[in-house]
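The values are calculated or read from the model by the stated rules, or taken from the named source; none is laboratory data. If you're wondering where the values come from, they're calculated on a predicted model, not measured in any experiment. Cβ sites come from the backbone with ideal geometry, for glycine too, and all protein chains shown count toward neighbours. Accessible surface areas use protein heavy atoms only, side chains included; no ligands, DNA or RNA. Shrake-Rupley method; radii C 1.70, N 1.55, O 1.52, S 1.80 Å.
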Amino acid sequence: IYDAVRDETGIAYRVGVSLDADVYNLAIGGTTAGLRNDKNSKKEEWNEPSFLGICYSMVGEAPESLLSGYKAGEIIKTCDFSKTDYFIIDYGTNDFLWYIPLGTDDYQGRYNYYFRSAYDMGIEFLQEHYPDAEIILCTPYYEEFWSADRSTAIFFRHSNFS
């Protein structure tokens with residue numbers, strides 16, 4: 001949603017206009033908060049631009065190649081996050097589509113493979129590194145999924161991840 005439309009009609013741009021603020025859109029289409037099972041969770045080998053991947057990239061703790069080829073990778077190099085007033089975080093739809101488990105139960109030390117715990121870890125990371133910034137959390141509230149020809153409703157959901 002945020003990555004696909006980066007012009008004056010996009011959500012990030014409209015938020016910036018509404019708040020008279022500079023917005024640095026670090027969205028990458030299709031990303032999740034929790035890691036997919038086929039992705040590496042060792043920080044020095046991180047290979048998924050997920051929420052934690054973005055966080056680690058912000059402070060130079062992820063491989064530089066992680067964001068190469070993405071607009072967010074270009075933008076992140078221009079940011080001084082110590083001057084950030086607000087982080088607006090919005091994950092959930094892609095986690096659902098990739099079947100990322102919602103829970104926080106530990107599975108062999110793999111907390112970052114769950115939506116809720118990965119979300120919590122990213123928030124804690126931002127709070128630790130940027131304690132003066134406010135964090136605004138957004139999650140999908142209502143979603144519809146239809147068959148490709150739009151003839152059959154596959155899923156409707158009211159989301160509440162809190």
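Within region 1-66, the trypsin sites (Lys or Arg not before Pro) that combine a DSSP coil assignment with at most 10 other C-beta atoms in a 10 angstrom radius are Lys42. Between the beta carbons of Ala148 and Glu124, assuming R0 = 41 Å, the FRET efficiency works out to 0.60 to the nearest 0.05. Multiplying the residue separation of Glu8 and Asn40 by 0.36 nm and removing their Cα-Cα distance gives an extension gain of 8.0 nm.
The charge dipole of region 1-143, taken about its Cα centre with unit charges on the Cβ of Lys, Arg, Asp and Glu (plus for the first two, minus for the last two), comes to roughly 340 debye. Under 5 Å from the amide H of Tyr86 lie the amide H atoms of Glu134, each residue being 5 or more positions distant or on a separate chain, with H modelled from the backbone and absent for Pro and chain starts. Rolling a 1.4 Å probe across the protein heavy atoms gives region 26-132 an accessible surface of 55 Å² per residue.
Packing, as the average of other Cβ atoms within 10 Å across residues, places the peptides 16-25, 69-78, 48-57, 116-125 in the order 48-57, 116-125, 69-78, 16-25, highest first.
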